[in-house]
1. Which of the DSSP-defined H helices in the chain satisfy a minimum axial length of 24 Å, computed from C-alpha atoms, and a minimum mean Kyte-Doolittle hydropathy of -1.0?
2. What does DSSP give for the chain in terms of the percent of beta bridges that are antiparallel, rounded to the nearest 5?
3. Using DSSP, restrict attention to beta bridges with both residues in region 138-272 and report what percent are antiparallel, rounded to the nearest 5.
4. Going by Cα centres, region 90-104 and region 3-56 are how many Å apart?
5. With charges only on Cβ, +1 for K and R and -1 for D and E, what is the dipole size of region 1-152 about its Cα centre, in debye, rounded to 20?
6. Using the Cα centre as the reference, give the magnitude of the dipole from point charges on the C-beta atoms of region 116-172 (Lys, Arg: +1; Asp, Glu: -1; all else neutral), rounded to the nearest 20 debye.
7. Can you classify region 152-200 as rounded, prolate or oblate using the Cα gyration tensor, where a ≥ b ≥ c are the square roots of its eigenvalues, rounded means a/c under 1.5, and otherwise it's prolate if a/b beats b/c and oblate if not?
8. Roughly what would the spin-label model give for residue 277 and residue 15, points 7 Å off Cα along C-beta, in nm?
Amino acid sequence: MDTPRSPWQEIATTAWPSLKKDLQSDVAIVGGGISGIATLFYLLTLTDKQIVLVERGKIGCGATGNNAGFAWAHIERPVSELVEEFGFEPVKEAFLELDHGWDEYIRIHKLIGLENNVEPLDNSGLGFGFTDTATLERSLQDGALFRKMGRKKWEFFISEEIEMEGEGIHRVPREVILEKLQTKDPSYIGLLYDSVDRARTNSYLFCHRLLQYLKNRFPDRFEVYEQTEITQIEKNTLKFSSGTITADVLVICTNGYSKKAAPRAAYAAACSTSLPNDYSAAFITHQDPSVPYWHVTNCDSLTIFAGPEYANPALDLDEWNKTFALITQFTQRTYHFNPTFQYQWYGIMGYTPTGLRWVGQDRQNPHIWYNLGCNGIGIVHAVASGERIARLLNGETLKPSLFSQFQS
Ligand SMILES: Cc1cc2nc3c(=O)[nH]c(=O)nc-3n(C[C@H](O)[C@H](O)[C@H](O)COP(=O)(O)OP(=O)(O)OC[C@H]3O[C@@H](n4cnc5c(N)ncnc54)[C@H](O)[C@@H]3O)c2cc1C
């Protein structure tokens, strides 16, 4: 087995000390991934609170340093299903919140001089490829809802042998679909273009650079500790092996490591290919959840294949080898080439029971706040949620969000 290694972590970083004594602070953040760092950023910029952040490993060592590097304002559940469950307006508001998170992700990059870390995947919004009509129909319903929300460009190219009519549908020869997807696999019958921004990004780099920026701008307002694992929470106190941290507010940004969100492992690999630059496409073969959903991006000569997910996050050699054999089969079937992967890695994602992020205050213990539950897509969410928590802690009254409707 190769050592799991993502391309994102290949940068020089500053090490932070581990905590060896008791501490007191206004706010303590647990978890040094993008959720924790974004929460820290907004608390520093929107409030005057004193903050401590503790991370059990190294900053960004979780999903933030091991994802597929694809920033977008999306939720990994069909929007039609969300609207059925929560109603149209709350779901629309949730997407607006995520669109704002996207704008903020770009703004913060500019603020810290890291613009190049958001590289648009600008192939005119190429989205999803479909092989079955049921999934395609569901996506058509989603398209109609997204158009109603103002996400206007939601167009389908559907093979002309399929009888489907509707707004935004173009019936074309199947070869056109295969060409647009760049695939040699003839089973694709439909294709979706949407207007949602997409970019390749390194969220690990973002966290490390943002921390440096914050250290220069707010040298006396916060402390960061690595290799400091919180083992217990009691009222307003966090316990770790050599002491305690007491704070009015404890923000838990631990992704799936918390028992609140079930962990699932996701795998990815990267190599160079002949796919066009700025290419991105998702391949949904059919509705069976046991069949992997594939996501491919090519940017700066590195093609990332993200796909199989497993409920058991324990890494074992057999599973590792089987998984990368699956990724290889996918590249052979889809693009007719044999990959030599430069990187193969996996990361842990925290899935909440609703598939929606948890952002807000615990109902039993008012000291505890959550910004967690990546649910497969979490880079932009983490930023939007960090801002929401800081605003609430600053005393602002915000409308309830789809992401705060959890039972703690
Ligand atoms: C393979 C893969 C592909 C993905 N692809 C994408 C993508 O393309 N686009 C996208 O938007 N999202 C993607 N995601 C999801 C995205 O990476 C996550 O939503 C996001 O990084 C989560 O950030 P986080 O800070 O919440 O969690 P993490 O980055 O996991 O950070 C949580 C941190 O908490 C620390 N911690 C846990 N317990 C404790 C404790 N007891 N004490 C102290 N510290 C603790 C951990 O060490 C960890 O560093 C992907 C995830 C994976 C795994």
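1. Details: long enough: 88-111 (34 Å, -0.50); 317-335 (27 Å, -0.60).
Within the chain the helices that satisfy the rule are 88-111, 317-335.
2. 65
3. Beta bridges within region 138-272, antiparallel portion: roughly 75 percent.
4. Rounded to whole Å, the Cα centres lie 25 Å apart.
5. My answer is approximately 400 debye.
6. That gives a dipole near 380 debye.
7. oblate
8. 3.8
A short reminder: the numbers here are calculations on the coordinates, not readings from a lab. It should be emphasised that the depicted structure is a prediction, and the values quoted were computed from it without experimental measurement. When we count neighbours, we look across all protein chains shown, and the Cβ atoms used for this are built from the backbone with ideal geometry, even at glycine.
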